Amino acid sequence: MASTHSPLGEFLRARRAGVRPQDAGIAGHGPRRVPGLRREEVAVLAGVNSDYYTRLEQGRERRPSAQLAEALGRALRLDADARAHLHRLAGTTPDTPPPGRPEDAVDPALLQLLDGQRGAAAFVINRALDVLAANSTARELHAPFGRMDNLARMVFLDPASPGFYLCRAATAESTVGHLRQAAGIAPRDARLREVVGSLRQRSAEFERIWNRHAVRGKTRGTKRFLHPDAGPLTVTYLVFDARGEAEGQQLVVYQAAPGTADARALAGLATGALHDDRPARTAGPSS
C-alpha cells in the first residue's frame, strides 16, 4: 500500500535507515537492499507486531502509546533530543526519564555562566521550581527568605513572602500557572507531584488557585520586590530552557536597566555593600 504523508512515519523511516544492524545486536546475513535496519527487525526490537510497525511508517497508524514510543526510541537508539521529538510527533509524553539522567545535576558550563552574571541575579530551576543553583546576587536578593530552595514554597509558605513581593497576587498566580503547565508536560514527575501535593495540603491559597486550572508559561516580564537592604526593586526577567543532560531545567535572569537606581541596587547586593550590618537569617519552614 502506498505511504501516506506522516511526519512520524518519515521520522521512523529515516532513523531506521541510520542504525547499523551490528549496533542493534543483529548479526549480518549477507548484503542488504536498504541501509540500516529492516522494518521487521525494528518491530522485534521494540516488541511490537511487524504489521503494526509497517502501518506506523506508512502513516496508516499515527498514535502509538507512550510505552511503544519509548520502545521504538530504544530500538532506534535515539538520544534524548530525538526521543523527545519522537514523543512530540506521536502526541505522547515520556513515561520515564532517560536511563541514568541526572535529574537535578546542573551542567558545569551553566554554573560558570551563572557566576559570570555580574550585576544580575541568575539561578537555575527545575519543573518543580526547586532552585538547583544560584549566583551570589540571586542569593542576596532572596536573603529575606529562610531558604532559597523552592520558589513555590517561598511564595506560599515563607513568612517573608507578603513583604518581599510587591505584586504578591500576580506572583502567586504565575507560580501556580507554571506548576500547572509543568504537570501537563511531565505528569509523572515525582518531585513535581510532591511539591504540588504538599502545597495543596498546606496552603489554602495555593489550593484555590490550583483549582482554577490556569496555565501560564512565561519567558519574560517584570517583577517588583521590596528588599530590606536595597529597598524597592523593579527588574525584568528572562527565562531560558537550559539544554543539557537534564530535561526541564530553566535559567532565570533578573536584571535592571543600566545606570538606574535598580541596577545600582543589584550591583550593591552582588558585592555585599548593602548589608554589612544585616542580622543573621533564621531557618524558614520546611517543605
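Each value in this text was obtained by applying a stated rule to the coordinates, not by laboratory testing. Because the structure is a prediction, the values reported are computed rather than measured. Positions of Cβ are backbone-derived with ideal geometry, glycine not excepted, and every protein chain shown enters the neighbour counts.
Can you put 165, 52 in order of Cβ neighbours within 10 angstrom, beginning with the fewest?
Numbers: 165 19, 52 14.
If I rank by nearby Cβ atoms, fewest first, I get 52, 165.
Computing Rg and the Kirkwood Rh from the Cα coordinates of the range 7-90 gives a ratio, Rg/Rh, of 0.94.
Here the 3J(HN,Hα) profile of the range 143-157, calculated from phi with Karplus coefficients 6.51, -1.76 and 1.60 at θ = phi - 60°, is 4, x, 7, x, 8, 9, 10, 9, 4, 5, 4, 4, 5, 9, 10 Hz, Gly and Pro shown as x. Remark: relative contact order (the range 128-223) = 27 percent; criterion is Cα-Cα distance under 8 angstrom and separation of 6 or more residues. Under 19 Å from a point placed 7 Å out from the Cα of residue 169 along the Cα-to-Cβ direction: which residues of the range 209-225 have their backbone N that close? In the range 209-225, the label zone of residue 169 (backbone N under 19 Å from the point 7 Å along Cα→Cβ) covers 209-216, 222-225. Normalised by the number of residues in the range 7-90, the mean separation of alpha-carbon contacts (under 8 Å, six or more apart) gives a relative contact order of 35 percent.
Among 37-48, 104-115, what's the highest-first ranking by average C-beta atoms within 10 angstrom per residue?
On the way: 37-48: 18.6, 104-115: 14.2.
Those peptides, ordered most packed to least, come out 37-48, 104-115.
Over all orientations, the range 29-160 has a Cα convex hull whose mean projected area works out to 12.3 square nanometres. Along each principal axis, taking the top coordinate minus the bottom one, the Cα set of the range 136-226 gives 34, 26, 25 Å in descending order. State log₁₀ I(q)/I(0) for the chain at q = 0.08, 0.10, 0.15, 0.17 Å⁻¹ as given by the Debye formula over alpha-carbon point scatterers of equal weight, solvent excluded. Each listed q maps to, in turn, -0.47, -0.66, -1.09, -1.29. The gain in end-to-end length when the residue 185 to residue 271 segment is fully stretched comes to 27.1 nm, 0.36 nm per residue minus the alpha carbon separation. Suppose a student asked you for the relative contact order of the range 108-271, using Cα pairs under 8 Å spaced at least 6 residues apart; what percent would you report? Once normalised by length, the contact order is 26 percent. By the helix-only formula, in which each DSSP H run with n ≥ 4 contributes -39500 (n - 2.57) and the sum is divided by residues, the chain has a 222 nm mean residue ellipticity of -12500 deg cm²/dmol. Under 5 Å from the amide H of residue 19 lie the amide H atoms of 37, each residue being 5 or more positions distant or on a separate chain, with H modelled from the backbone and absent for Pro and chain starts. Taking θ as phi - 60° and the Karplus parameters 6.51, -1.76 and 1.60, the scalar couplings of the range 251-256 work out to 9, 10, 10, 9, 9, 10 Hz in sequence order, x denoting glycine and proline. Expressed in units of 2.2 N^0.38 Å, where N is the residue count, the Cα radius of gyration of the range 184-257 is 1.39. Here the spin labels are modelled as points 7 Å beyond Cα on the Cα-Cβ line, and at residue 211 and residue 111 they lie 4.3 nm apart.
Fewest-first ordering of 72, 157, 238, 199 by other beta carbons within 10 Å of each residue's beta carbon gives 238, 157, 199, 72. If you wrap the range 108-271 in the convex hull of its Cα atoms and look at it from every side, the mean projected area works out to 9.1 nm².
Scanning residues 5 or more positions from residue 133 or on other chains, those with amide H under 5 Å from its amide H are 124, with H placed 1.01 Å from N in the peptide plane.
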